[in-house]
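Contents: one structure, followed by commentary.
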Amino acid sequence: MRKGWMGLGLLLLTGCMSVPVATMVKMAGFDRQDFLALEPEALRLKLTLDQNVPVQLAATRLELGAELDNGQQQLFAGSVRQEEYRQFEVDGGWFSREPEPRYQYLLALDEAGEAAIRDFQRVLTEDEVASASLNVRLDLDDQFDQPVQVTVEVKLSEQEGFFTLLDEATFEPERYRD
């Protein structure tokens, strides 16, 4: 298997500008053993939005992809369930001292999602895999009319804390609907 095997694909309609450098470095070093060490029951997604726009849980996924040596591609979509929702405030920015609201979802894999991750891990052990990817597919209610900033954090195991995949990526309403 080739070194630097992790292709970090984020299907969040944003570019790499919102992906922290530390995350790029962490994910570039992912290999087969890192994927096999994933604990499906411990995987969590933390989504933080700057506006109260509902997340469509039925379409939000943690996706793991595998490209086999023969060129065949397989996608394993881990469906999620909501564990927690909270609203809180953060200190204002440079130009405002007013507290700013934040809306946060804590998501875990549901039973089918955990099974999808285990299926992905089975493919890693049984087949010749050329590369793999970790994607987060996020779906927002399409009724928002102002840009929404979204931060996506992932927890891969009980031993590790959350790390940031996307930091305040902007979802533009007109681009999101197209």
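One table, with the values for the structure above:
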| read-out | value |
| --- | --- |
| Members of segment 43-59 that are in a loop (DSSP other than H, G, I, E, B) and either of a type outside the set (Val, Ile, Thr) or crowded, with 21+ Cβ neighbours inside 10 Å (or both) | Leu43, Asp50, Gln51, Asn52, Pro54, Gln56 |
| Failed item in (1) under 14 Å from Gln51 (Cβ atoms); (2) in contact with a Lys or Arg (Cβ under 9 Å, 6 or more places away or on another chain), with Asp145 passing the rest | (2) |
| Which listed residue, of Ala169, Ala130, is of a type in the set (A, V, I, L, M), farther than 17 Å from Gly65 by Cα and either modelled with pLDDT of 90 or more or in contact with a strand residue (DSSP E or B) (Cβ under 6 Å, 6 or more places away or on another chain) (or both) | Ala169 |
| Those residues of segment 140-157 which are in a loop (DSSP other than H, G, I, E, B) and hydroxyl-bearing (Ser, Thr, Tyr), in sequence order | Ser157 |
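Yes or no, residue by residue, for (1) modelled with pLDDT of 90 or more; (2) surrounded by 15 or more Cβ atoms within 10 Å (Cβ to Cβ); (3) part of a strand (DSSP E or B):
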{"site": "Glu67", "(1), (2), (3)": "yes, yes, yes"}
{"site": "Glu83", "(1), (2), (3)": "yes, no, yes"}
{"site": "Gly92", "(1), (2), (3)": "no, no, no"}
{"site": "Leu107", "(1), (2), (3)": "yes, yes, yes"}
{"site": "Ile117", "(1), (2), (3)": "yes, yes, no"}
{"site": "Gly161", "(1), (2), (3)": "no, no, no"}
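The values are calculated or read from the model by the stated rules, or taken from the named source; none is laboratory data. This one's a predicted model, so the numbers in the text were calculated from it and none came from an experiment. Don't worry about glycine lacking a Cβ; one is built from the backbone with ideal geometry, like all the others, and counts go over all protein chains shown.
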